[in-house]
Number of protein chains: 2
Amino acid sequence: MRISEASTKSGLSADTIRYYEKSGLVPAVERGPDGLRRFSPENVEWLTLLYWLRKTGMPMQEMQRFAALYRQGDTTIPERREVLLNHEKRLHRRRADLDRCEEVLAYKIAAYEKIEGGLS
Amino acid sequence: MRISEASTKSGLSADTIRYYEKSGLVPAVERGPDGLRRFSPENVEWLTLLYWLRKTGMPMQEMQRFAALYRQGDTTIPERREVLLNHEKRLHRRRADLDRCEEVLAYKIAAYEKIEGGLS
DNA sequence: TACCGGGCTGGAGTGGCTCCAAGTCAAGTC
DNA sequence: GACTTGACTTGGAGCCACTCCAGCCCGGTA
């Protein structure tokens with residue numbers, strides 16, 4: 001499939017896909033005789049994974065390391081699993097941030113409501 | 001208190017505090033006779049709120065609107081409450097993203113473990 | 001033939017910091 | 001009284017991860 005379909009399927013914009021390819025995050029994207037990119041289902045699965053990793057805060061550098069491992073084939077699977085396990089920890093930290101922020105918001109909103117009561 | 005203390009208490013770096021002030025996010029920071037910023041406890045509470053809003057994804061623009069309301073005094077409290085309630089919705093969306101990412105990771109990690117079993 | 005949609009490249013622009021050079025001032029040390 | 005140290009100041013450059021755009025090519029339709 002071509003880039004627009006890969007974009008809707010993966011969630012990444014076409015611009016971002018091209019940018020990722022340039023940055024070495026996407027291995028082996030074929031080109032058709034017309035010079036346009038052709039994405040395999042495996043390519044799209046990979047892009048989708050990148051989409052979620054990025055969206056939940058994995059930095060570029062780490063994704064580049066991950067992509068390098070991916071390019072080296074199945075022998076790097078234990079290391080890749082490590083990367084993902086590490087990212088799971090990051091998700092937990094983020095969730096804790098959201099929880100903390102909810103507390104702060106609840107406190108503030110309650111304070112606002114108390115003042116509003118006295119306003120009218 | 002001075003900027004370094006405001007920084008440790010709010011969580012924002014001194015650079016970021018100065019940047020926020022320049023961007024109109026922090027109203028009425030006093031200066032001492034030495035020309036250095038003096039932060040009141042109210043300033044610090046405000047900065048802390050900004051810290052959490054920003055850390056959980058509120059864009060600058062919205063924070064600027066929020067700060068403008070803050071500067072206008074207590075009559076804007078209903079609107080400010082709206083902004084915070086809206087941000088709570090954003091938190092929920094982010095949590096959903098984290099959940100979805102966890103699913104993707106669990107699936108990928110399971111797949112890796114299946115391959116690893118066959119590797120050795 | 002003219003146009004349109006989809007893709008290409010290279011490069012500029014953006015948001016939100018982050019770091020740095022060069023300077024001021026206050027307090028402490030010799 | 002001179003020197004050093006350290007916290008702070010400003011203005012401006014640099015950075016990350018995109019995002020947008022100009023200017024181009026190509027295949028298909030009216």
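The values are calculated or read from the model by the stated rules, or taken from the named source; none is laboratory data. Computed from a prediction, not measured in an experiment: that's the story for all the values here. Using ideal geometry, Cβ is built from the backbone for each residue, glycine included, and neighbour counts are taken over all protein chains shown. Calculation scope for accessible area: heavy atoms of the full protein, side chains included, ligands and nucleic acids excluded. Shrake-Rupley method; radii C 1.70, N 1.55, O 1.52, S 1.80 Å.
A few points about this structure:
- A Cβ distance below 6 Å, combined with a sequence gap of six or more or placement on separate chains, defines the contacts here; from the range B:99-120, residues that are surrounded by fewer than 16 Cβ atoms within 10 Å (Cβ to Cβ) reach residues that are of a type in the set (Val, Ile, Thr) in the pairs B:Ile115/A:Ile77; B:Glu116/A:Ile77.
- Selection from the range A:24-58 of residues that are more than 13 Å from DNA strand C (Cβ to nearest atom) and of a type in the set (Lys, Arg): A:Arg54, A:Lys55
- A:Lys89 vs. criteria within 14 Å of chain B (Cβ to nearest Cβ), open to solvent by 60 Å² or more (accessible area, probe 1.4 Å) and either at pLDDT 95 or above or within 30 Å of B:Gly73 (Cα to Cα) (or both): yes
- For the condition more than 15 Å from DNA strand C (Cβ to nearest atom) and over 18 Å from the mean Cα position of the chain (by Cα), A:Gln72 qualifies.
- Filter pass, A:Arg94 being surrounded by 15 or more Cβ atoms within 10 Å (Cβ to Cβ) and not small (Gly, Ala, Ser): yes
- Taken together, the residues in the range A:52-75 that are at the interface with another protein chain (Cβ under 10 Å from one of its Cβ atoms), open to solvent by less than 70 Å² (accessible area, probe 1.4 Å) and in a helix (DSSP H, G or I) amount to 2.
- Within the range A:1-23, the residues that satisfy the criterion of being surrounded by fewer than 18 Cβ atoms within 10 Å (Cβ to Cβ), in a loop (DSSP other than H, G, I, E, B) and more than 10 Å from DNA strand C (Cβ to nearest atom) are A:Gly11, A:Ser13, A:Ser23.
- Selection within the range B:24-38 - open to solvent by 50 Å² or more (accessible area, probe 1.4 Å) and hydrophobic (A, V, I, L, M, F, W, C): B:Ala28, B:Leu36
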